[in-house]
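A short worksheet on the structure shown next.
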């Protein structure tokens, strides 16, 4: 494994709380954010909430795009604080947290991608109308298929 490739990801408690709030609040559209932190170990310390600027706007329930200006501002802010942009996060309000072909094609690999999506749930919970979300972490290499990463909350 390349030393730049994370074995797992740590998420700071505050970053995780903010990330979930930002992504859930965007529903029914896909929400999005940038992940800021360090690589030794790979740890998200800050979340930079972003607007979903996908056009046409009617497709934002199934698509997202980050504003390039926000990306530049986040990168500048992170560098001034000794952090890096590690990747992005977005939600799949209507599907499982797996990167779509479009997600993969629009990412600047190698990168991290976190997706908050619909979790597999038992038929009884589905019938009762229960909503269950799952946060999945993915490593998108320059070439090859995305690799699911373990993640854990870190104080």
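The values are calculated or read from the model by the stated rules, or taken from the named source; none is laboratory data. Small disclaimer: the values here were computed from a predicted structure and weren't measured. Neighbour counts run over all protein chains shown; Cβ positions are idealised from the backbone, glycine included.
The figures follow:
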| quantity | calculated |
| --- | --- |
| Residue identified as surrounded by 16 or more Cβ atoms within 10 Å (Cβ to Cβ) and in contact with a helix residue (DSSP H, G or I) (Cβ under 9 Å, 6 or more places away or on another chain) among 48, 54, 42 | 48 |
| Counted residues, the range 115-134 - those being in contact with a helix residue (DSSP H, G or I) (Cβ under 7 Å, 6 or more places away or on another chain) and either at pLDDT below 90 or more than 20 Å from residue 59 (Cα to Cα) (or both) | 1 |
| Pair list, Cβ under 9 Å, 6 or more apart: the range 15-31 residue on the phi < 0 side of the Ramachandran plot and at pLDDT 95 or above, other residue assigned to a helix (DSSP H, G or I) and surrounded by fewer than 19 Cβ atoms within 10 Å (Cβ to Cβ) | 29/57; 31/24; 31/25 |
| For residue 82: the one exception among (1) farther than 19 Å from residue 31 by Cα; (2) assigned to a loop (DSSP other than H, G, I, E, B); (3) in contact with a strand residue (DSSP E or B) (Cβ under 7 Å, 6 or more places away or on another chain); (4) modelled with pLDDT of 95 or more | (3) |
| From the options 31, 12, 37, residue that is over 20 Å from residue 103 (Cβ atoms) and touching a helix residue (DSSP H, G or I) at 6+ places or on another chain (Cβ under 9 Å) | 37 |
| Sole residue being outside any loop (DSSP other than H, G, I, E, B) and more than 17 Å from residue 117 (Cβ to Cβ), chosen from 55, 70, 20 | 70 |
